[in-house]
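Read the structure below first, then the notes.
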Amino acid sequence: MSRVRVGVQLIVFGERPGTDLTGVLTEVKSAGYDGFEGGVVESSEAQRRLSSDLQSIGLGYVGAHAGIHQLSDTAAVSTFAQHINQLQGRFLMASGRYDSLAGYREGAELLTRAAEECASAGVTVCYHNHFWEFEAIDGEVPIHLLMEMTDPALVKLCPDIYWVHVGGEAPADFLTRYRDRCPCLHFKDGLAGDQMRDFRELGDGVVDVKAALDAALACDPDWIVVEQDSTTREPAESIRMSRDYLRTLGL
């Protein structure tokens, strides 16, 4: 098993990465992370600045996140893949929401075409779930439909363990089911139920993080990424708490 690197999604920092990316990444490094995941890098100048920060601070780049609708633009997908590759990242995460099975079938086609385009740049497309893909439509569960309609060797998953839990499945079971399709995972916690938007540091919510971690490690992933959509604490404190909790679990 290769060494799993631990990253963090910059969403917890709100708008700050747009004005103080160097300061944010310095705090990420100080909290004990190996790298980070952010939004799509769309300009050459932003890419140059980010590349410089990664080298000087000593962080790796997981990849970027895009909306699934953006995958319909072939030229944009090619640009995303090239930028991710040049930053030595590997993953383009995509997520979206449809209100019909036909929509999800269209989404599967977009994922497949994007994955084919990205493969030439050494970038892997991963579908990132939320909770709504677990809500059955006409007797079908969309997340499983997406997986059935895409090639396991081409389209991967970036499971979000919190949203799997909110969606009604046990994260550990879900990861075991798709263990060959999970090279990158999002570890998130929160209160779920009526308070599902109350996100918490890992270990302070309802998710069985230990069981999920055991299942995640069996997937032999490249990255486990801490993601906390929002916090009432200072972001640097929140990401440090989550990193420290993972250490108590042996990661």
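Worth a mention:
- Search result, residues across segment 133-161 that are more than 14 Å from G107 (Cα to Cα), within 18 Å of the chain's Cα centre (by Cα) and not in a strand (DSSP E or B): F134, P152, L154, C158, P159, I161
- Pairs with Cβ under 8 Å, 6+ apart, first in segment 217-229 and within 21 Å of L191 (Cα to Cα), second of a type in the set (D, E) and part of a loop (DSSP other than H, G, I, E, B): Q228/E201
- Screening the candidates D180, D220, D229 for the property of being part of a helix (DSSP H, G or I) and surrounded by fewer than 23 Cβ atoms within 10 Å (Cβ to Cβ) yields one hit, D180.
- Residue within segment 113-126 that is buried (at least 16 other Cβ atoms within 10 Å of the Cβ) and within 22 Å of A192 (Cα to Cα) present: no
- When A108, A153, A115, A136 are checked against the criterion of being on the phi < 0 side of the Ramachandran plot and either among the aromatic types (F, W, Y) or touching a strand residue (DSSP E or B) at 6+ places or on another chain (Cβ under 6 Å) (or both), a single residue qualifies: A115.
- Residue within segment 79-100 that is of a type in the set (A, V, I, L, M) and more than 30 Å from D53 (Cα to Cα) present: no
- Filtering A108, A94 for residues that are surrounded by 17 or more Cβ atoms within 10 Å (Cβ to Cβ), at pLDDT 95 or above and not in a helix (DSSP H, G or I) leaves a single hit, A94.
- Residues in segment 13-32 that are within 13 Å of V226 (Cα to Cα) and surrounded by 23 or more Cβ atoms within 10 Å (Cβ to Cβ): F13, V28.
- Boolean, S30 is modelled with pLDDT of 95 or more, hydroxyl-bearing (S, T, Y) and under 27 Å from H144 (Cα atoms): no
- Tally, over segment 1-20, of residues that are under 16 Å from the mean Cα position of the chain (by Cα), outside any helix (DSSP H, G or I) and not basic (K, R): 5
The values are calculated or read from the model by the stated rules, or taken from the named source; none is laboratory data. Small disclaimer: the values here were computed from a predicted structure and weren't measured. All Cβ positions, glycine included, derive from the backbone under ideal geometry; neighbour counts span all protein chains shown.
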